[in-house]
1. At 222 nm, what helix-only mean residue ellipticity would the chain give, in deg cm²/dmol to the nearest 500, using -39500 (n - 2.57) for each DSSP H run of four or more?
2. Using a cut-off of 9 Å between beta-carbons, work out the net charge of the residues near Leu108 (Lys and Arg +1, Asp and Glu -1, Leu108 not included).
3. Can you return the aspartates and glutamates within cross-link range of Lys94? Criterion is Cα-Cα under 12 Å, with same-chain partners fewer than 8 residues away left out.
4. Just to confirm a number: summing +1 for Lys and Arg and -1 for Asp and Glu over residues other than Arg200 whose beta-carbon lies under 13 angstrom from that of Arg200, what do you get?
5. Give the relative contact order (percent, whole number) for the chain; include only Cα pairs under 8 Å separated by 6+ residues.
6. Given the chain reduced to its alpha-carbon atoms as identical point scatterers, what log10 I(q)/I(0) does the Debye formula return at q = 0.10 Å⁻¹?
7. Which links in Lys10/Lys212; Lys10/Lys32; Lys32/Lys212; Lys10/Lys194 stretch past 31 Å when you go from one Cα to the other?
8. Would you tally the net charge around Lys94, using a Cβ to Cβ cut-off of less than 11 Å, leaving Lys94 out, and scoring K and R as +1, D and E as -1?
Amino acid sequence: MATEQILESKEEYPPEFSVKPHTTQLYLLARKFGIGPGHAFDFCSENLPELASFVPADALPYVSWFAVLWNNTLLANYSDTLSQVHQELSRQRKFYNYASKFTNPKCLQTCDRTQIAMQRIAQSQRGDLLVIAAQLGLRWRGYSVDAAARHYAPNEFGLTSVSVASIVLVHPERLTRWEELDMQCAGDRIRTGKDCPWDRTPILHCHDDIIKYNAVNNGDPYTCYGSATAFLPNMPNGKTSFLF
């Protein structure tokens with residue numbers, strides 16, 4: 001078995017970035033998409049657990065609550081939902097999709113692990129917006145997407161392109177410059193053709209004041225990227241929610 005390559009990375013989030021209260025995030029995201037946030041507000045005011053109750057200790061310093069758009073509610077398929085989120089990004093900032101040829105149902109898919117986790121969260125929160133416990137790359141900077149996935153906690157999963165873009169919509173300070181740690185949307189995979197392997201992962205990054213959506217090879221480590229991931233909370237009976 002080949003030695004796993006992990007690069008030393010000192011890249012950080014932009015200094016101006018800070019996480020907004022999740023109630024503020026819900027309001028901002030709901031307003032952008034014309035969604036009523038009432039159920040999400042009600043759920044979060046009563047049911048959000050302490051992060052330390054389900055986030056591993058080594059990941060806890062990186063994790064906060066984030067509001068995201070639930071993929072399956074706005075439009076018929078995931079690619080259409082992503083397109084709408086990208087349109088919102090382009091209204092807010094300069095945006096370019098370098099992977100536009102591959103953001104169709106035949107070339108873009110969500111990983112099974114992420115799909116299972118998001119569906120479980122959606123079942124408990126029951127709304128068009130979800131609040132998830134996530135980290136935006138620091139936990140896995142310098143790791144390839146594949147290497148990070150091999151080291152996930154049992155309840156950890158990659159964030160989709162829709163989730164990452166949702167977070168950036170209400171936290172534009174997260175992507176501001178070239179010299180920063182940018183995000184691999186580790187819950188999605190891309191292939192470049194019908195018979196090609198699913199060997200690429202979408203990224204969202206900033207360069208020349210433009211937000212760019214592109215893809216990188218799953219097996220390549222980068223000092224300037226980290227896998228964005230989230231953690232599935234414990235089940236109502238208090239048992240740990242292992243994904244597999």
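Bear in mind these aren't lab numbers, they're just calculated from the coordinates by the rules spelled out. For clarity, every value in this text was computed on a predicted model and none was experimentally measured. Please note: Cβ atoms are built from the backbone with ideal geometry, for glycine as well, and neighbour counts cover all protein chains shown.
1. Details: 6 runs with 67 residues, N = 244.
After summing the helix terms and dividing by the residues of the chain, the value is -8500 deg cm²/dmol.
2. Within the 9 Å Cβ shell, the charges total +2.
3. Partners within reach: Asp208, Asp209.
4. Computed value for this residue: -1.
5. Once divided by the residue count of the chain, the mean separation gives 29 percent.
6. -0.43
7. Long pairs (Cα-Cα over 31 Å): Lys10/Lys32; Lys10/Lys194.
8. On the way: positive: Arg91, Arg93, Lys212; negative: Asp208, Asp209.
Once positives and negatives cancel, what remains is +1.
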